[in-house]
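Working notes for the structure below.
Bear in mind that the values in this text are calculations on the coordinates, not laboratory data. What you are looking at is a predicted structure, and each value in this text was computed from that prediction instead of being measured.
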């Protein structure tokens with residue numbers, strides 16, 4: 001088991017967890033791998049490719065769901081089984097893409113990459129989305145450190 | 001030897017088809033990763049190491065290319081292996097395309 005504590009205030013975690021639950025449901029609903037297929041003219045291959053990605057993404061989401069449901073997460077504690085780490089890393093990336101496309105859609109790529117978005121001036125949806133985005137990045141970053 | 005026999009019948013449709021197939025199979029394909037604003041730098045480095053077995057230096061060099069130039073060619077070679085790499089990279093949610101290496 002890999003275990004660590006996040007360097008994030010528990011009140012912030014508790015504030016963003018309900019939003020993360022909603023975003024998680026949204027990521028399942030809006031999954032779309034159709035633009036992932038390489039530009040090759042082969043419909044059967046394309047279908048198999050997309051279906052493969054969809055099926056494998058289920059394990060990633062299950063790992064993320066377990067993290068989000070963990071009662072200790074609201075206190076900043078992350079616990080992951082070692083054989084679920086890779087699934088969770090991918091699941092975290094997927095939900096960050098969902099947040100990017102929804103709550104943070106009005107921010108530019110540059111604002112996100114540099115972290116220079118003037119968040120206090122943004123509306124509450126963007127603020128909560130931004131903290132959820134950062135929280136998921138923090139978990140991912142720490143997990144990568146743990147397995148390196 | 002098969003090539004010599006076929007090359008003596010240069011007007012055959014079979015030959016044209018065969019030549020086209022040979023060209024497709026023989027043409028190297030490039031596996032290219034595109035920049036995105038979401039994935040963390042150390043995540044991208046980790047994925048390159050896992051998928052290609054690159055060491056830290058090489059994986060970091062490619063990650064920086066993606067970050068600074070918008071894309072990096074990660075691998076060039078036979079189509080089937082290129083597809084395999086592209087699939088694995090997409091499994092890790094990296095924006096990946098394949099291009100013929102003309």
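Within the range A:61-130, the percentage of alpha carbon pairs spaced more than 20 angstrom apart rounds to 42%. What the pair-distance distribution of the range B:60-102 shows, using all Cα-Cα distances binned every 10 Å from zero, is 27, 56, 17 percent. Convex hull volume of the Cα atoms of the protein assembly as shown, normalised per residue: 152 Å³. Could you state the number of Å between the C-alpha centres of the range A:101-148 and the range A:1-32? If you average the Cα positions of each part, the centres end up 12 Å apart. In degrees from 0 to 90, rounded to the nearest 10, what is the angle of the helix A:124-147 Cα long axis to the longest principal axis of chain A? Rounded to the nearest ten degrees, it is 80. Along its three principal directions, the equivalent ellipsoid of chain A from the Cα gyration tensor extends over semi-axes of 27, 21, 13 Å, largest first. Determine the relative contact order of chain A: mean sequence separation of Cα pairs under 8 Å and six or more apart, normalised by residue count, in whole percent. 38 percent. For the range A:56-130, averaging the sequence separation of C-alpha pairs within contact (under 8 Å, six or more residues apart) and dividing by the residue count gives a relative contact order of 28 percent. Helices in the protein assembly as shown, meaning DSSP H runs of at least 4 residues, each add -39500 (n - 2.57). Divided by all residues, the mean residue ellipticity at 222 nm is -20000 deg cm²/dmol.
Using a Gaussian network model on chain A with a 10 Å cutoff between Cα atoms, which of A:41, A:109, A:60 fluctuates the most? Fluctuation is largest for A:41. Which residue, A:124, A:18, A:43, has the most motion in a Gaussian network model of chain A that connects Cα atoms within less than 10 Å? Evaluated over chain A, the most mobile residue of the options is A:43.
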